[in-house]
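All remarks here apply to the structure that follows.
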Amino acid sequence: MSNLEQTLSIIKPDAVERNLENEIKNIFLENKFKIIKDKKIHITKAEAEEFYKVHQTKPFYNDLCSYLSSGPIVVMILEKEDAILGNRKIMGATDPKKADEGTIRKKFGISIDKNSVHGSDSIENAKIEINFFFKD
Ligand code: UDP
Ligand code: MG
């Protein structure tokens, strides 16, 4: 049965800074994702805190929010069959050292915090995150 989904992807500051935007977008396109919408933005720390509020009790929360607001990011709506899980697979594990060969984080990630990309982890969060960046 067909299960067309949309997910939110972010190219994080470490990757934008290294001019990896097109290379990462090409990986999505090669993997048959459609980039429905995309924009390059620079969010405030308050916006990052809202976006990552599920992590507000974690010890890395403050650094994470400072980092995501430290420079330009590219936010995208990706669409494909089973896009949410499919994106998580090609992103690789949170810690680039533990990510599988061929994944975006293995290829480009610098460290567990500077891991180049974000991807929604569930249908519910994908809706919330898409709405957060693309309200209309
Ligand atoms: N993060 C971090 N230290 C950690 C765990 C996570 O800096 O010990 C950062 C990392 O940038 C990660 C983000 O917090 O991408 C969100 O964490 P999550 O567990 O949701 O990982 P993800 O879904 O991004 O793989
Ligand atoms: Mg997550």
Give me a count of the residues in region 47-81 that are within 17 Å of residue 128 (Cα to Cα) and surrounded by fewer than 19 Cβ atoms within 10 Å (Cβ to Cβ). 8
Does residue 12 satisfy the condition of being crowded, with 21+ Cβ neighbours inside 10 Å and among the basic types (Lys, Arg)? yes
Residue 136 fails exactly one of the following numbered conditions: (1) within 13 Å of ligand 1 (Cβ to nearest atom); (2) under 20 Å from residue 37 (Cβ atoms); (3) exposed (fewer than 13 other Cβ atoms within 10 Å of the Cβ). What is the number of that condition? (1)
Of everything in region 20-62, what is in a helix (DSSP H, G or I), over 16 Å from the mean Cα position of the chain (by Cα) and within 16 Å of ligand 2 (Cβ to nearest atom)? Give them in sequence order. 61
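None of the figures in this text is laboratory data; all of them are computed from the coordinates on show. What you are looking at is a predicted structure, and each value in this text was computed from that prediction instead of being measured. Using ideal geometry, Cβ is built from the backbone for each residue, glycine included, and neighbour counts are taken over all protein chains shown.
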